[in-house]
Amino acid sequence: MNGDNPLLDFTGPTRFDLIRPAHVGPGIDALLRSARNAVEHVAQDMRPATWDSVVAPTETAFDHLDRAWGVVGHLNAVVNTPAIRDAYNAMLPKVTAFYVDIGQDARWYARFRALAEGAAFADLDAAQRKLVDNALRDFRLGGAELSDTGKVLLKAVQEELATLSSRFDDNVLDSENAWAHYVLHPQDLSGVPDDVIAAARAEAAAEGRAGYKLTLRAPCHTPVMQYADDRSLRATLHRASATLASDLGASPDWDNSALILRILELRQAEAQLLGCANFAELSLVTKMARTPAEVLAFLRDLSRRTRPFAEREYDDLTAFAREELGIPDCAAWDLAYVGEKLKAARFAYSEQQVKQYFPEDRVLAGLFAVVETIYGVSVRPASAPTWHPGVRFFEIRDAQGTLVGQFYLDLYAREGKQSGAWMDDAVNRRCVQDRLQHPVAWLTCNFAGPVDGRPAYFTHREVTTLFHEFGHGLHQLLTRVDVAGISGLQGVECDAIELPSQFMENYCWEWDVLSRMTAHAETGAPLPRALFERMLAARNFGSGLAMLRQVEFALFDMLVHSEYVPGGGGRYDGPRAVLDDVRCEVAIVPRPSYDRFIHAFGHVFADDYAAGYYGYKWAEVMSADAFSLFEERGVLSPEIGARFRDEVLARGGTRGALESFVAFRGRPPSLDALLRHNGMVASRGELLLHGSKLD
Ligand SMILES: [Zn+2]
């Protein structure tokens, strides 16, 4: 049965070469059937509740469903075509309904309770016990304790939420793909780097047009905003990107306004059905932070410490724009441009100059060398089918040559690929009857690819992004937990997820690491030390404004899920009022009235970061402090690396993130390192993170 459906082949690497949209419906249907049968089998099993009678019988069916559905979701995100999108959206309601149904199944819940309360529980190892505890929590969050009416209501809410989140992403992707701005004369692109111009010419030529095609994809949008001398061109791109998927966007079909209101309404309904006052409270049940008030206090404290630095930066920028660039009214679309000009004048620093030193192959070799040195593993290219010719596949092996995990690298931006950079778990580590299933990760970025036979060169910012995603990948791949559901990132509190990723970013500022991954485009020479010193000098210019911007996003996210009451009756009459209020409180840079960035804020409206965006800063306190131990003992110390892997990366969700941190660092996290890394050393930080209690 199903032998001819490559989506159901779990014997080796995923058959991306054979999987077609037509395989999705029948394949996922078959996996849903067997997962449902497995649950039914356990629910009806009358034997004493043990791991082998309650958990083990469903493990493989769920693993296969997760993997195959993960493949479909991944293809939908990275090679989005009408056929894949239709196949994904056709199955999404069925998959959602399945998970909602089993999460509410009172008989299955009773079997887990019996296991947790029975004699067999003491025989389980730490990961198994944690899996059972998490399952009980998730049954409660899934509505297993609700009345029949409550269950029906919750199911309707969760199914609609899943569909709307997917549509939110589709609208952003469609409006981004549809937008283009054509420029005929090269002089209109004055200031824009040559490689960006060459790529824009190639994009236009691919459509049979003369001139240059500008898009909102990062490899084009970012450098145009940084370097285009034509102020009106910058304003055009800024407006287009700030109005994506909004009432001011290109098409009412892609307007996310109504979706945002409905998503917030549904989340509020979900929270109340489950006995929480609001969605923020519900979201924090699975996080380190305990209450919305604790998160708000953390963000406001960060804002207060950052503000003087950000104000000074903004004054500097506006004065420089006025006096040196003849821009008397520095606007949102001037900031990146003025920032680059100021860094060039004050620090003799140019991101484009630095970029000439970072060819793709050297960067990857340098990244892998760091990982090989501190963790004692090796990273080698390997072969497996992929979803696009630009994608590569690698293996990580330990010192004995034993396979640890595998990952795919999809670095370049292209049409039909969701913007941003992320890591997704493709396969989770687990051990079944002494057979180990190795973890696999998908690493996705949106960098400029090779043009006209010239290899890709990355900006230092892009190098940092790659290190960030690779940090997530290592969390997934270096785990030693044998229970899927607790291995890798699974079961880790969401506000600790950004610890391993932001930790890796620190290596992009270490001379010994950085200098070895450089070779100049023309001369092949490594990065000169003097240029690195200028990078360091320029590093923290703008970090105050950047920090405040993140705090603004995080505050909006927390307040819109706690103090805005959908349908009326709260402090705010809409999400927009929340944003206005947050901007009054923390923002320094004025934003134009057309700014609709929340309409494309997928992290919060279509992703797992809802009432959790603060997690970037929350986890950065820990990642900076974790790195400070490497700074004390040697940034490439294999000894400290082994300890970081043992106590943090390998542990998965077997214990709380705070406990893992303390085991590694020897004390709770402190804010000092984060402030120091951002050049904000004026105020010493006391301990800010409380989170889950140690037990
Ligand atoms: Zn991340």
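The values are calculated or read from the model by the stated rules, or taken from the named source; none is laboratory data. Computed from a predicted model, the values in this text were never measured in an experiment. When we count neighbours, we look across all protein chains shown, and the Cβ atoms used for this are built from the backbone with ideal geometry, even at glycine. Note: accessible area is taken over every heavy atom of the protein model, side chains too, but ligands, DNA and RNA are not part of it. Shrake-Rupley method; radii C 1.70, N 1.55, O 1.52, S 1.80 Å.
Computed over neighbours whose Cβ is under 15 Å from that of Val183, the net charge equals -1, Lys and Arg +1, Asp and Glu -1. In order along region 106-112, the phi-based Karplus estimate (6.51 cos²θ - 1.76 cosθ + 1.60, θ = phi - 60°) of 3J(HN,Hα) comes to 4, 5, 5, 4, 4, 5, 5 Hz; Gly and Pro are listed as x.
For Met46 and Arg549, a Förster radius of 56 Å and the Cβ-Cβ distance give a FRET efficiency of 0.45, rounded to the nearest 0.05. Taking the Cα atoms only, what angle lies between the long axis of helix 82-103 and the longest principal axis of the chain, rounded to 10 degrees? Once rounded, the angle reads 40 degrees. Protein-only accessible surface at a 1.4 angstrom probe places the residues Cys220, Cys494 in the order Cys494, Cys220, largest first. Across region 360-423, the convex hull enclosing all Cα atoms gives 101 Å³ per residue.
Taking 7 Å steps out from each Cα toward its Cβ at Glu207 and Asp608 produces label points 3.7 nm apart. Put Ser515, Ser593, Ser232 in order of accessible area, highest first, and with a 1.4 Å probe you get Ser593, Ser232, Ser515.
Region 198-216 and region 276-342 have their alpha-carbon centroids 35 Å apart.
In the context of the full protein assembly, Glu372 retains an accessible surface of approximately 50 Å², using a probe radius of 1.4 Å and ignoring ligands and nucleic acids. The angle between the Cα long axis of helix 335-347 and the longest principal axis of the Cα atoms of the chain comes to about 60 degrees, rounded to the nearest 10.
What do you get for the angle between helix 194-206 and the principal long axis of the chain? Use alpha-carbon atoms, 0 to 90 degrees, nearest ten. Orientation of helix 194-206: about 70 degrees from the principal axis.
Kirkwood analysis of the Cα pair distances in region 514-599 returns a hydrodynamic radius of 16.3 Å.
Electrostatic tally near Val172: other residues with Cβ closer than 15 Å to its Cβ, Lys and Arg +1, Asp and Glu -1, net -4. Exposure check, 1.4 Å probe, all protein chains in place: Tyr99 carries approximately 80 Å² of accessible surface. With all pairs of separate Cα atoms included, region 398-548 yields a Kirkwood hydrodynamic radius of 17.7 Å. Listed cross-link partners Lys151/Lys617; Lys151/Lys417; Lys130/Lys417; Lys213/Lys617; Lys151/Lys287 are compared with a 29 Å cut-off, the Cα-Cα value being larger for Lys151/Lys617; Lys151/Lys417; Lys130/Lys417; Lys213/Lys617. Sparsely packed loop sites in region 495-581 (the trypsin sites (Lys or Arg not before Pro) outside DSSP H, G, I, E and B with at most 12 other Cβ atoms within 10 Å) comprise Arg571. From the Kirkwood radius over Cα pairs of region 225-327, Stokes-Einstein at 10 °C and 1.306 mPa s returns a whole-number translational diffusion coefficient of 87 µm²/s. Amide H to amide H distances under 5 Å link Leu274 with no residue, where only residues 5 or more positions off or on other chains count and H is placed in the peptide plane.
Using C-alpha pairs below 8 Å separated by at least 6 residues, the relative contact order for region 418-481 is 37 percent. One decimal place: the segment Val565-Arg667 gains 32.8 nm when fully extended, by the rule 0.36 nm per residue minus the C-alpha distance. If R0 is 35 Å, what FRET efficiency do you get for Ala293 and Arg397 from their C-beta distance, rounded to 0.05? For R0 = 35 Å, the calculated efficiency reads 0.15. The dipole here belongs to the chain: it is taken about the Cα centre, uses +1 on the Cβ of Lys and Arg and -1 on the Cβ of Asp and Glu, and is about 560 debye. By a 1.4 Å probe calculation restricted to protein chains, Trp618 has an accessible surface near 0 Å², given to the nearest 10. Using a cut-off of 12 Å between beta-carbons, work out the net charge of the residues near Leu92 (Lys and Arg +1, Asp and Glu -1, Leu92 not included). Neighbour charge sum, excluding Leu92 itself: -2.
Averaging the sequence gap over all C-alpha pairs within less than 8 Å and six or more residues apart, then dividing by the number of residues, gives the chain a relative contact order of 15 percent. Residues within the reach of a label modelled at Ser251 (point 7 angstrom out along Cα to beta-carbon, backbone nitrogen below 12 Å), restricted to region 148-191, are 171-179.
In the chain, one over the average inverse separation of all distinct C-alpha pairs is 26.6 Å, which is the Kirkwood hydrodynamic radius. Spacing of the modelled spin labels on Ala235 and His185, each 7 Å from Cα toward Cβ, amounts to 1.9 nm. Heavy-atom accessible area with a 1.4 Å probe sorts Glu117, Glu160, Glu176, largest first, into Glu117, Glu160, Glu176.
In this simple spin-label model, placing a label point 7 Å from the Cα along the Cα-to-Cβ direction at both Ala56 and Leu436 gives a separation of 2.1 nm.
Quote the relative contact order of region 545-695 in percent (integer), defining contacts as alpha-carbon pairs under 8 Å separated by 6+ residues. RCO, region 545-695: 18 percent.
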